[in-house]
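Worksheet: the structure to be examined is printed underneath.
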Amino acid sequence: MNAIDTLFHKNREWAQRRVREDPQFFARLVAQQRPAYLWIGCSDSRVPANEIVGLLPGEMFVHRNVANLVVHTDLNCLSVVQFALDVLRVRDVIVCGHYGCGGVRAALTGERLGLIENWLAHVKDVALEHRELIASVAGEEQRADRLCELNVLSQVASLSRTTVLRDAWARSQEVAVHGLVYRLSDGILRRVAPPVGGPAELQPALSTALERISKGSLP
Ligand code: CO
């Protein structure tokens with residue numbers, strides 16, 4: 001069996017298992033999509049969004065790119081956020097980074113990777129903004145870990161400042177932005193920043209998170 005045939009085979013097995021466990025599973029999904037969460041995560045194959053939080057198809061709207069970035073000119077990401085908030089009415093938007101992120105590490109080391117370096121320049125900007133904090137950390141891996149956290153924080157800020165979020169909050173829609181980080185070595189999610197439930201909560205959340213990160217003491 002070649003690599004693609006394996007997928008067809010596994011897909012059949014998966015679909016049959018789903019129906020065995022819940023005969024109405026697919027019928028329900030066809031009828032409507034009503035996820036409570038939007039997940040913005042890294043494309044890294046070791047961080048499969050639904051799986052690490054134990055959610056089934058239909059329960060989480062997902063956008064992934066390298067290094068989990070929310071870039072103000074990225075129409076792809078912005079469209080996902082707008083659809084999730086305006087149409088699906090999700091209540092929790094999660095930006096999830098992960099330790100051991102190749103994109104974050106490359107931004108720190110200046111490793112040559114080709115075109116993608118232009119995308120990762122956004123992470124380099126975060127490293128530059130916090131160069132003193134990062135320089136004060138001992139150990140290459142620890143510096144990369146701190147940058148993973150700072151990068152999540154920066155994306156929480158970026159997301160909270162989009163027109164989509166500001167408009168949702170302006171019309172009193174209940175939606176919170178969460179910054180999380182996932183550790184590959186233990187499979188555990190941790191909070192990087194307190195939840196941001198409105199424009200006034202952004203600055204305090206950023207300050208609290210920055211203090212935690214600079215002490216290397218995430219809860
Ligand atoms: Co990554």
Amide H to amide H, which residues 5 or more places from I94 or on other chains are under 5 Å from it, using H placed in the peptide plane?
L38, W39, I40, H178
Checking region 92-144 for GluC sites (Glu not before Pro) in a loop per DSSP with at most 12 other beta-carbon atoms within 10 Å yields E111
How many angstrom lie between the C-alpha centres of region 87-144 and region 194-219?
17
Going through region 127-219, which trypsin sites (Lys or Arg not before Pro) have at most 10 other Cβ atoms within 10 Å and a DSSP loop state?
R171
Simple spin-label model, 7 Å along Cα-to-Cβ: A3 to F83 in nm?
2.7
Residue by residue through region 140-147, which ³J(HN,Hα) values in whole Hz follow from phi under the Karplus form 6.51 cos²θ - 1.76 cosθ + 1.60 (θ = phi - 60°), with glycine and proline marked x?
5, 5, 5, 5, 5, 4, 5, 5
Which value, in debye to the nearest 20, gives the size of the charge dipole of the chain about its Cα centre, when Lys and Arg are +1 and Asp and Glu are -1 at the Cβ?
360
Using the heavy atoms of the protein chains and a 1.4 angstrom probe, tell me the accessible area per residue for region 78-132 in square angstrom.
52
Per-residue ellipticity at 222 nm for the chain, helices alone: DSSP H runs ≥ 4 residues times -39500 (n - 2.57), over residue total, nearest 500 deg cm²/dmol?
-15500 deg cm²/dmol
What's the carbon and sulfur percent of region 34-215's accessible surface, probe 1.4 angstrom, rounded to a whole number?
51
Those GluC sites (Glu not before Pro) from region 151-219 that are DSSP loop and have at most 16 other Cβ neighbours within 10 Å turn out to be E174
Between R18 and L218, the FRET efficiency computed from the C-beta separation at R0 = 41 Å comes out, to the nearest 0.05, as 0.70
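The values are calculated or read from the model by the stated rules, or taken from the named source; none is laboratory data. Note that the structure is predicted; figures quoted are calculated from it, not measured. Every residue, glycine among them, receives a Cβ derived from its backbone with ideal geometry; neighbour counts consider all protein chains shown. Heads up: the accessible areas ignore ligands, DNA and RNA and are worked out on the full protein's heavy atoms, side chains in. Shrake-Rupley method; radii C 1.70, N 1.55, O 1.52, S 1.80 Å.
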